[in-house]
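Here is the structure we will look at, set down as structure tokens.
The values are calculated or read from the model by the stated rules, or taken from the named source; none is laboratory data. This is a predicted model, so every value here is computed, not measured. Cβ atoms come from the backbone with ideal geometry, glycine included; neighbour counts cover every protein chain shown.
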Amino acid sequence: MRYRWELLNGLSRVFSLGVYLEIGVRSGLCINQIEVNVKHGVDIARKRQEDFPGVILHHLHSDRFFEELDSEARFDLIFIDGCHSEGQVSRDISNSLGRLSNGGFVVCHDCNPKTQDMMALNRNGECWQAVVQLRISEPNVRVVTFDFDHGLSVICLDQVRRAFNVSEDWRNWNWLNQHRQEALNLVPDSFFPAAIKAETP
Ligand SMILES: C[S@@+](CC[C@H](N)C(=O)[O-])C[C@H]1O[C@@H](n2cnc3c(N)ncnc32)[C@H](O)[C@@H]1O
């Protein structure tokens with residue numbers, strides 16, 4: 001695999017996922033290649049419906065999207081690719097986990113910056129920090145990160161409790177560079193779907 005939509009389509013095929021949500025759609029490069037029954041796209045910037053065939057578009061901030069969402073609404077697959085600050089990605093992950101159907105997945109883009117420059121907010125940003133913080137604070141999640149297309153962290157809720165402890169100051173490039181394997185639970189894409197199937201309920 002080389003691209004995010006290959007992973008997302010692989011997940012939807014293997015786990016029979018039908019309702020997709022993408023936070024941050026920009027030009028539609030990803031969402032327009034997703035093969036599921038129902039697609040929702042959220043973006044703060046206004047988009048033209050004709051550029052997003054078959055997509056239900058929501059023009060608003062992701063925080064407001066979740067606030068205003070019908071209490072019954074659930075998604076099988078949520079792709080987070082909006083603002084890349086740790087605070088926003090953490091909120092998007094938390095809100096997404098709260099709206100996930102049983103057996104669903106949240107996938108976060110840009111989680112494995114390979115150089116210090118890539119940690120700029122307009123590039124990969126702080127997505128990796130949101131993933132590490134999630135693993136520290138939420139023991140009932142399982143995270144696997146595929147090492148292509150800037151790093152794709154697949155997150156699901158799990159019955160098994162997993163402690164992930166970090167004692168030192170970790171929000172910096174040197175720490176990530178030394179600990180990226182265990183911090184992100186990096187796996188090669190040849191492990192798909194075994195790496196995900198292994199322990200999911
Ligand atoms: C990196 S681009 C998305 C790329 C797209 N997912 C793809 O794979 O081709 C980020 C997009 O997120 C939107 N965005 C940024 N912050 C957002 C937020 N808090 N809520 C909704 N959209 C946001 C921007 O307008 C931009 O279109």
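Kindly establish whether C111 is crowded, with 18+ Cβ neighbours inside 10 Å, in a loop (DSSP other than H, G, I, E, B), more than 11 Å from the ligand (Cβ to nearest atom) and of a type in the set (A, V, I, L, M, F, W, C). Yes: the conditions hold for C111.
Out of all the residues in the range 120-134, which are in contact with a helix residue (DSSP H, G or I) (Cβ under 8 Å, 6 or more places away or on another chain) and either over 11 Å from E86 (Cβ atoms) or of a type in the set (V, I, T) (or both)? Listed by number, the residues that qualify are R123, N124, V131, V132.
Going through the range 155-180 one residue at a time, which ones are of a type in the set (K, R), part of a loop (DSSP other than H, G, I, E, B) and surrounded by 10 or more Cβ atoms within 10 Å (Cβ to Cβ)? Break it down into steps so the answer makes sense when it comes.
Filtering the range 155-180 down to residues of a type in the set (K, R) leaves 161-162, 171, 180.
Narrowing the set further to residues that are part of a loop (DSSP other than H, G, I, E, B) leaves 161-162, 171.
Once the filter is applied, which keeps residues that are of a type in the set (K, R), part of a loop (DSSP other than H, G, I, E, B) and surrounded by 10 or more Cβ atoms within 10 Å (Cβ to Cβ), the range 155-180 yields R162, R171.
A single member of S137, S190 is within 26 Å of I34 (Cβ to Cβ) and exposed (fewer than 12 other Cβ atoms within 10 Å of the Cβ), and it is S190. Could you list, in sequence order, all residues of the range 85-98 that are more than 13 Å from the ligand (Cβ to nearest atom) and surrounded by fewer than 17 Cβ atoms within 10 Å (Cβ to Cβ)? Across the range 85-98, the qualifying residues are S94, G98. In the set (1) assigned to a helix (DSSP H, G or I); (2) in contact with an Asp or Glu (Cβ under 6 Å, 6 or more places away or on another chain); (3) farther than 29 Å from E168 by Cβ, Q129 fails one condition alone, (3). Restricting the first member to the range 16-33 and to residues that are at pLDDT below 95, and the second to residues that are near the ligand (Cβ under 9 Å from one of its atoms) and charged (D, E, K, R), no beta-carbon pair is closer than 8 Å while six or more apart or on different chains. Taking the numbered list (1) surrounded by fewer than 20 Cβ atoms within 10 Å (Cβ to Cβ); (2) under 12 Å from the mean Cα position of the chain (by Cα); (3) within 15 Å of the ligand (Cβ to nearest atom) in turn, G82 passes all entries but (1).
Of L21, L29, L17, all but one fail to be under 22 Å from T145 (Cα atoms), part of a loop (DSSP other than H, G, I, E, B), within 13 Å of the ligand (Cβ to nearest atom) and of a type in the set (A, V, I, L, M); the exception is L29.
Residues in the range 140-154 that are of a type in the set (A, V, I, L, M, F, W, C) and in a strand (DSSP E or B) were compared, and the one that is surrounded by the most Cβ atoms within 10 Å (Cβ to Cβ) is F146. Pairing residues of the range 34-56 that are closer than 17 Å to I78 by Cβ and among the basic types (K, R) with residues that are within 12 Å of the ligand (Cβ to nearest atom) and in a loop (DSSP other than H, G, I, E, B), at Cβ distances under 9 Å and at least 6 apart in sequence or on separate chains, gives K39/F52.
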